[in-house]
Structure formats: structure tokens, C-alpha cells
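Written below as C-alpha cells is the structure these notes are about.
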Amino acid sequence: MIFSLLMFLIIAMLFPYLFIPILIFLGIGFLFLLPYVVVFNSFYNIITIPWQIIKIASDRRIRKNHSLEHATINVLEQRYGRPLQAGGLAYSNGFSLSGPDLPPIYEVMSAVKEAQFRMINGEKELAIHPRCGTSIAAANFLFSLVFIIVLFSSHHLSLLNVILAFLLANLLAKPFGRVLQKFFTTYPEVEDVVIQDIYVQAQHDMIPFLTIINPNRSYFIKTYQLK
């Protein structure tokens with residue numbers, strides 16, 4: 001018992017001298033490898049992100065549901081007077097909404113119908129949302145593109161190139177993301193969209209205590225398009 005306690009005290013005293021140099025070495029190694037990781041990730045984004053945008057752009061059903069998803073969140077945020085911690089995904093047969101800030105199901109359904117009504121009556125801008133995943137994808141794509149351009153023009157791989165690409169991408173991401181949303185990933189002509197039903201998506205039936213860890217509400221709004 002005394003021997004174990006003594007060993008513990010010795011290890012505790014030597015811990016800073018043993019592990020801090022290791023942490024410093026790993027940190028330096030990470031900074032050295034970071035530009036190479038960014039190069040690989042940049043080429044990956046350049047290939048995959050445009051393909052994802054093209055897939056959405058080629059399916060008008062998804063684009064219309066994407067518009068309804070954005071418009072619904074915009075309507076809810078107008079009602080509450082603040083941004084909501086909520087996100088969504090659009091599909092060909094509807095869209096999902098999830099997040100801890102989502103109101104009860106009847107209020108979400110009311111917002112969906114109001115969103116459609118307002119877009120039909122001219123408020124097309126409701127289809128655009130500043131925190132859309134398209135904007136995040138746009139930022140990633142621009143970062144990758146700018147980084148590759150800077151890399152090839154400077155012929156030098158460094159952390160400075162990464163920082164420069166990050167700053168330029170963030171400067172251009174917001175307007176570029178809006179353009180992508182407007183012309184490629186949304187379609188606010190939703191007159192022919194029939195809102196069929198709304199369902200609660202159960203997430204914690206098997207493990208109820210997860211509700212405390214992840215208190216998100218999740219809904220799926222089912223739609224049908226007449227043409």
C-alpha cells in the first residue's frame with residue numbers, strides 16, 4: 001500500500017517532465033502535417049462538393065422541399081425573434097427538421113403552411129437561409145479551391161497558405177452560398193407541393209436517458225408534388 005502510494009506520488013511529480021515534451025513534439029508534428037492533410041482534403045472537396053450540388057440541382061422535388069425547409073425555419077425564427085438551433089434535410093418526398101429549439105409539432109406544421117403560402121404569394125426570399133448546409137459546403141469548396149490556386153501559384157506548401165485560403169474563403173463564402181442556394185439547391189415555386197402530414201421522428205425509444213444528453217426534437221414533413 002505504501003509502495004503504491006509512493007509510486008503514484010513519484011509519477012505525479014514527474015508527469016510534467018515526461019509528458020509535456022511529448023505533447024510539444026506531437027503539436028509540432030501536427031503543424032508540420034497540417035498543410036499535407038489540407039492538400040488531400042482540398043482535392044477531395046473539389047471533386048465531391050460540386051457532385052453533391054449537381055445531384056440536388058438535378059432533382060426539382062428536392063429543391064422545392066429544400067425551399068420549404070428553409071422557409072419554415074425562417075418563419076419560426078421570425079415568430080421567435082431570434083435564430084433557432086435547428087437544421088434540416090430535404091428529400092424527394094419531404095423534409096426533416098431537428099434541433100433543441102424546435103417548438104411543438106402543431107406550431108411547426110403551422111409554420112410549414114405559412115411558409116408555403118407566403119412563397120406562393122411572392123416572398124421567394126424565404127427559400128434562402130444564411131446557415132444552410134449549402135453555405136457550409138460553399139465555404140469548404142472555396143477554401144479548397146483558393147488553397148489549391150495559392151499552392152500552385154506560390155509553389156510552396158506552408159501554414160501561411162492555409163491561413164490565407166481560409167481568410168479568402170470565409171470572405172467569399174456567404175455571397176457564393178446564397179448564389180448556390182438561389183440557382184442550384186432551392187426552387188421556391190411551391191404551388192404544386194401538397195403538404196400531406198408531419199411525423200415525430202422518435203430518437204430515444206430504446207434508450208430514454210439519451211433525451212437528457214441529446215434533447216433534440218425531430219420531425220419529418222411529408223410532401224407530394226403534383227407534377
Potential extension, VAL194-SER58 segment - 0.36 nm per residue separation minus Cα distance: 46.9 nm
Burial ranking of peptide ranges 78-86, 108-116 (average Cβ count within 10 Å, highest at the top): 108-116, 78-86
Within the accessible area of segment 69-133 (1.4 Å probe), percent carbon and sulfur: 55 percent
Inter-label distance, nm, simple model (7 Å from Cα along the C-beta direction), LYS174/LEU159: 2.8 nm
Gained length - PHE184 relative to GLN225, 0.36 nm times residue gap less alpha-carbon distance: 12.9 nm
Proximal lysines to LYS55, defined as alpha-carbon separation beneath 24 angstrom and excluding residues fewer than eight positions away on the same chain: LYS64, LYS124, LYS174, LYS182, LYS222, LYS227
Computed over segment 78-175, Cα set: Rg, Dmax in Å: 18.8, 58
Rel. contact order, % - alpha carbon contacts under 8 angstrom, at least six apart, segment 76-171: 16 percent
Per residue solvent-accessible surface (Å²) - segment 44-186, probe of 1.4 Å: 51 Å²
Distance between segment 89-124 and segment 159-180 - C-alpha centres, whole angstrom: 30 Å
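The values are calculated or read from the model by the stated rules, or taken from the named source; none is laboratory data. Source: prediction; values computed, not measured. Because the Cβ atoms are built from the backbone with ideal geometry, glycine has one as well, and the counts that use them run over all protein chains shown. Note: accessible area is taken over every heavy atom of the protein model, side chains too, but ligands, DNA and RNA are not part of it. Shrake-Rupley method; radii C 1.70, N 1.55, O 1.52, S 1.80 Å.
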